[in-house]
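Everything below concerns the one structure shown next.
Every number in this text was worked out from the coordinates using simple rules, so none of it is lab data. Computed from a predicted model, the values in this text were never measured in an experiment. Quick reminder, even Gly has a Cβ in these numbers, built from the backbone with ideal geometry, and neighbours come from all protein chains shown.
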Amino acid sequence: MALYKEQSLKLYNSISREKEIFKPINEGHIGMYVCGPTVYSNVHLGNCRTFISFDLIFRYFKHLGYKIRYVRNITDAGHLENDADSGEDRIAKKARLEQIEPMEVVQRYTVDFHNTLQKFNNLPPSIEPTATGHIVEQIETIKTIIDKGFAYEVNGSVYFDVLKFNKDHDYGKLSGRSIEDMIANTRELAAQSDKKNPQDFALWKKAEPQHIMRWPSPWSDGFPGWHLECTVMSTKYLGEQFDIHGGGMDLKFPHHECEIAQGEASTGKNPVNYWMHANMLTLNGQKMAKSTGNNILPNEIFSGENDNLSKGFSPSVARFFMLQANYRSILDFSNTALLASEKGFNRLMDAYRNSSLLPVSESSTFSVKEWKQRCYDAMNDDFNSPILIATLFEAVKFIVGVKEGNEKITAEDKELLHTTMHDFIFDVLGLLDTTVANQDNSEKLSGTVELLIKLRAEARNNKDFATSDQIRDQLLALGIQLKDGKEGTVFTLED
Ligand code: AMP
Ligand code: ZN
């Protein structure tokens, strides 16, 4: 039976502002869309946090046995400098500054994004569509929205009519903003634009002569508005209504609010059942951002070449650091916190390795079965990775206890403990054991030591004590201690 049938998962839905029991539209199947990067510069650690948060979610759903289609886009056109409808396209600007083709910019930073996420052991999404690959579909959706009466053309650009939409829909329901506040906040900008109202947003922009990223359309040679690509690509691959839409907290407004409006205007249906937002990584208390320069690049973490760092840290340690915080909490980056995470990470990995090497007894002093369910309970409670990690550390403590002879474990529990740790540490949290390809090696090590124990027993039976002592002493010199007991010989590894 699929695990999801046994585990009841709750997730925090940003739109209801409550934890809700998760129920997908089609049993056993999940459609999840997450806004991807705008590929005009190297991803910073803050971006990585959001994608690691959704990787945790993706991994847990997979672990539960769901068939999940995870769509994450690449924004390679339409995202203007100030997240609004004016200013230069971010990619075109970079291309102009570097005197290269916009698609060279896109290629360079898409490759960087993939390489970086791979280092963090993120799984690739099922589909990774690009905005420029879906211009035709975006034009079709604009036509539909115009036909339904929620958009208008001015001077070759098309705008979404927010006030009209808001008459019988609720624009602002995701971000909790009222239209009156929005009107009050945008009044002074009103004069500069073709828009009927300043809160309207662009679906299509006519390109200025110098704008190089342009496509023909019924309205002008131009380019799509930033919010439109996500509406078009999510519904193309997941259907008009799908289960989960995610992104960083900063995308709630205007980006996701506009997506809801576009979806409802074009299909008459609410496009998304569960909205999930990952919180920000900060540096010195300020959001990490490309634009302010207040950020750290992943390669700087790995090499330690950054003034905020005393040394380099492995990608898995950095990932572990992020997963020690709930994805909905703000996390402040610091060298001290990373040092502490590294210690914890190493302890966890040591304990995992030792979990296959523990001496077994007739009874257990720890309920491994209950502990395993508590690991699930943590993740079932809105993917609470810090609680999961704390629960894993209960096992770490127990493993040390068994090693030191203060606790006992049966052979059956030892197997369950080892496989459960494996599932949660590697499959769900997505950590990699960096101290050699360790899991495999620990199994090889225990096989080798078992063989030596057998040879030593044979030597003893043959009264060849020189050989049996040599095996014991040389293993001890390597930090592997053999202990002879009633149930045979067991071994322990010294720290
Ligand atoms: P962008 O390429 O700027 O569109 O950002 C890609 C993703 O990274 C979006 O989901 C953002 O919400 C997210 N993001 C940007 N800055 C941070 C940050 N400091 N912490 C966490 N996520 C971030
Ligand atoms: Zn998006």
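A P(r) calculated from all alpha carbon pairs of segment 1-108, with 5 Å bins opening at zero, reads 2, 10, 15, 17, 15, 11, 10, 9, 6, 3, 1, 0 percent.
Dividing the alpha-carbon radius of gyration of the chain by the rule-of-thumb value 2.2 N^0.38 Å gives 1.19.
Compute the Kirkwood hydrodynamic radius of segment 282-428, taking the inverse of the mean of 1/r over all pairs of distinct Cα atoms, and give it in Å to one decimal. Final number for the Kirkwood radius of segment 282-428 is 16.8 Å.
Whole-Hz Karplus values for segment 298-309 come out as x, 5, 5, 5, 5, 8, x, 8, 6, 4, 7, 10 Hz, taken residue by residue from phi with 6.51 cos²θ - 1.76 cosθ + 1.60 and θ = phi - 60°; glycine and proline positions read x. Please report how far the C-alpha centroid of segment 49-79 lies from that of segment 358-427, rounded to the nearest whole angstrom. Result: 28 Å between the Cα centres. When both segment 107-125 and segment 258-279 are represented by their alpha-carbon centers, they are found 27 Å apart.
Rounded to whole numbers, the Karplus 3J(HN,Hα) couplings from phi for segment 258-268 are 5, 4, 4, 4, 5, x, 5, 5, 7, 10, x Hz, using 6.51 cos²θ - 1.76 cosθ + 1.60 with θ = phi - 60°, and x at Gly and Pro.
Charge tally around Asp161: other residues with Cβ under 10 Å, Lys/Arg +1 each, Asp/Glu -1 each, net +3. Computed from Cα positions, the angle between helix 438-461 and the longest principal axis of the chain comes to roughly 10 degrees. Dividing the summed helix terms, -39500 (n - 2.57) for each DSSP H run of n ≥ 4, by the number of residues in the chain produces a 222 nm estimate of -14000 deg cm²/dmol to the nearest 500. For segment 3-278, the C-alpha radius of gyration divided by 2.2 N^0.38 Å, with N the number of residues, is 1.00. What separates the Cα centres of segment 138-211 and segment 329-352 is a distance of 45 Å. Based on Cα atoms of segment 104-241, Rg over Rh with Rh as the Kirkwood radius reads 1.02. Taking amide H positions as modeled 1.01 Å from N, with prolines and chain starts lacking one, the residues under 5 Å from Thr130 and 5 or more places away or on another chain are Ile74. Of the cross-linked pairs Lys195/Lys252; Lys119/Lys403; Lys372/Lys403; Lys5/Lys369, those separated by over 29 Å at the C-alpha level are Lys119/Lys403. Taking label points 7 Å from Cα along the Cα-to-Cβ direction, Asn155 and Asn346 give a separation of 6.3 nm. Taking every DSSP beta bridge that has both ends in segment 3-278, the antiparallel portion is near 45%. Every pair of different Cα atoms in segment 180-303 enters the Kirkwood calculation, which places the hydrodynamic radius at 17.5 Å. The modelled label-to-label distance for the pair Asn270/Glu208, using points 7 Å beyond Cα in the direction of Cβ, is 4.1 nm. Hey, what angle do you get for helix 226-238 against the long axis of the chain, alpha-carbon based, 0 to 90 degrees rounded to 10? So the helix axis and the longest Cα principal axis differ by about 60 degrees.
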